[in-house]
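The values are calculated or read from the model by the stated rules, or taken from the named source; none is laboratory data. Since this is a predicted model, take the numbers as computed values, not measurements. Here the Cβ is made from the backbone with ideal geometry for all residues, glycine too, and neighbour counts use every protein chain on show. For accessibility, only protein heavy atoms count, side chains too; no ligands or nucleic acids. Shrake-Rupley method; radii C 1.70, N 1.55, O 1.52, S 1.80 Å.
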Amino acid sequence: MKELRKALKAFLITVLAYLIQACVMEHLKIADVTGSVIFAVLAIITVSYGKKFIFCASCIIGMIMESMLSNVPALYAIAYPVISMLCAQAFADMNDRQREKRRMNYEERHRRREGRKQLFPLFGKILDFFQQGDLPAHLRIPMCAGLMDLLMNIVLLVYMYLIGVEFSFLHIWRLVVAVAYTVGISILLMIPLRYFMGMYRRRNKRQRGGELM
């Protein structure tokens, strides 16, 4: 029953994300660029509910986009699930066993690098930051949304190049604005949607249970 409720909530916010994207975002452009409510919501589902829910949600979005907007056969139907699952590998929440495995792997790699001279110490510190364990959910969501939108825009730019459209600085500028816009949307939506999805109520129950013990 709990899994069914989670599935229904994920389905509801996925469909609403598409409707908002199709009907509302056209009127909320910034520098003639539209952000992606769809990727913002998919990122929230990824971090909050995990891989199996994001796979189903991305397939639903892919089929809807394919039937309504696609000019290239199977582009959206393939791109949305593939991009979502790639990002889920990095940003989806982990269970205790996965978290402990990542921590042990990080410690082993860190020991191997201790005696080596690093050519790029700043890059090494950034890599350590991402490998040492779970980042907070409120940080992973905008990062995941931005990466999803970036990958999708790269796919579209590659397609434009293949059909003969010449690149310019304007394309890069529009990509940067679109990704930043999507990140902003995810920051705006993540708290109310995660509350609707029951993430904060579950945390409060855990805290009360720890205090009673």
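Structural remarks
- Global geometry of the stretch 29-98, whether rounded, prolate or oblate, following the gyration tensor of its Cα atoms and the 1.5 cut on a/c: oblate
- For the set LEU188, LEU28, the ranking by accessible area, highest first and with no ligand, DNA or RNA atoms included, is LEU188, LEU28 under a 1.4 Å probe.
- Farthest towards the positive end of the charge dipole of the stretch 6-98, among the residues SER58, ALA92, LEU28, is the Cα of ALA92, using unit charges on the Cβ of Lys, Arg, Asp and Glu.
- Chain lengthening between ARG5 and VAL82 when straightened (0.36 nm per residue, less Cα-Cα): 25.2 nm
- Proximal lysine pairs, the stretch 1-89, alpha carbons under 23 Å, eight or more residues apart or interchain: 6
- In this structure GLU166 has an accessible area near 150 Å², from a 1.4 Å probe over the protein heavy atoms.
- In Å², nearest 10: area of ARG140 left accessible to a 1.4 Å probe: 20 Å²
- Here the label points at LEU16 and ILE172, each 7 Å from Cα along the C-beta direction, are separated by 3.9 nm in the simple model.
- Residue ranking by accessible heavy-atom surface, 1.4 Å probe, largest first, among SER168, SER48 comes out as SER168, SER48.
- Surface listing: ILE45, ILE30 arranged by accessible area from highest to lowest gives ILE30, ILE45, probe 1.4 Å.
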